[in-house]
Amino acid sequence: MIFITYILSVLAMLLPFLQLKVQAAPILVGSRDDSLSLTDITDYLFAHNSVRILHGAAPLVWDSDLAAGAQAWASACNFAHTDGVLSDEPYGENLAAATGDFGIFAAVQSFLADEDSYDPSSPTFSDFTQAVWKDSSNLGCGYSTQCEGIFPGSTSATLHVCLYNPPGNVIGQASENVQV
């Protein structure tokens, strides 16, 4: 068991660098729109699910309604949390922006960057905890590569927005939802 965990952790660390592609079509909830390619959808799911498995969480399923909201927010270049304005239903969210080459794997890796600071004895919520939150089952993401003004002095940035349902980071539920 320890050997399998070690192999999975090594694979999870290498995946963002190798940018391996899963050839099977992702599971979709709702009707698919044409905002993202199937490759983009597969990349978002693969980047999340390869880490979720290491934390005892079931794979996320793509949700086209969440993706439509995430894409609308990203296309408007809103580098701020939505405060729930995209839906009457609650959802969790992660945002990441950078200049230069900032693809899907790099964005999801940035969500996970604060994993080492998570302390189960005194849980605090972060992008990492939302990404691996066990009760979250659906994912929808979007991005824009043409965001002006996010970073002063730069010409444009790429903004990634991911929405999760049910939302994670619920006070009092960390111990059963975040396995480290």
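The values are calculated or read from the model by the stated rules, or taken from the named source; none is laboratory data. In this text the structure is predicted, and so the values were computed from the model without any measurement. As a convention, Cβ positions derive from the backbone with ideal geometry for all residues, glycine included, and neighbour counts pool all protein chains shown. These area figures cover heavy atoms from the full protein model, side chains too; ligands, DNA and RNA do not enter into them. Shrake-Rupley method; radii C 1.70, N 1.55, O 1.52, S 1.80 Å.
Give me the percent of the accessible area of region 38-176 that comes from carbon and sulfur atoms, probe 1.4 Å, all protein chains in place.
Ligands and nucleic acids excluded, carbon and sulfur reach 51 percent.
Give me the distance in nm between label points sitting 7 Å out from Cα along the Cα-to-Cβ direction at Val85 and Thr155, one decimal.
Using points 7 Å along Cα→Cβ, the separation is 2.9 nm.
Can you order the peptides 148-154, 87-93 by their average number of other Cβ atoms within 10 Å per residue, highest first?
Order by mean packing, descending: 87-93, 148-154.
Between Cys77 and Asp119, 0.36 nm times their residue separation minus their Cα-Cα distance comes to what?
Full extension from Cys77 to Asp119 adds 11.9 nm.
Note down the accessible area of Ser136, probe 1.4 Å, to the nearest 10 Å².
0 Å²
Determine by what factor the alpha-carbon radius of gyration of region 38-176 differs from 2.2 N^0.38 Å, reporting the quotient.
Expressed relative to 2.2 N^0.38 Å, the Cα Rg reads 1.01.
Given region 85-148, what whole percent of its Cα pairs are spread farther than 18 Å?
Distances greater than 18 Å cover 46 percent of the Cα pairs.
Counting only residues 5 or more places away or on other chains, whose amide H sits under 5 Å from the amide H of Asp63 once H atoms are built in the peptide plane?
Excluding prolines and chain starts, which carry no amide H, the hits are Val29, Leu139, Gly140.
State the Cα centre-to-centre distance between region 117-152 and region 54-103 in whole Å.
Rounded to whole Å, the Cα centres lie 8 Å apart.
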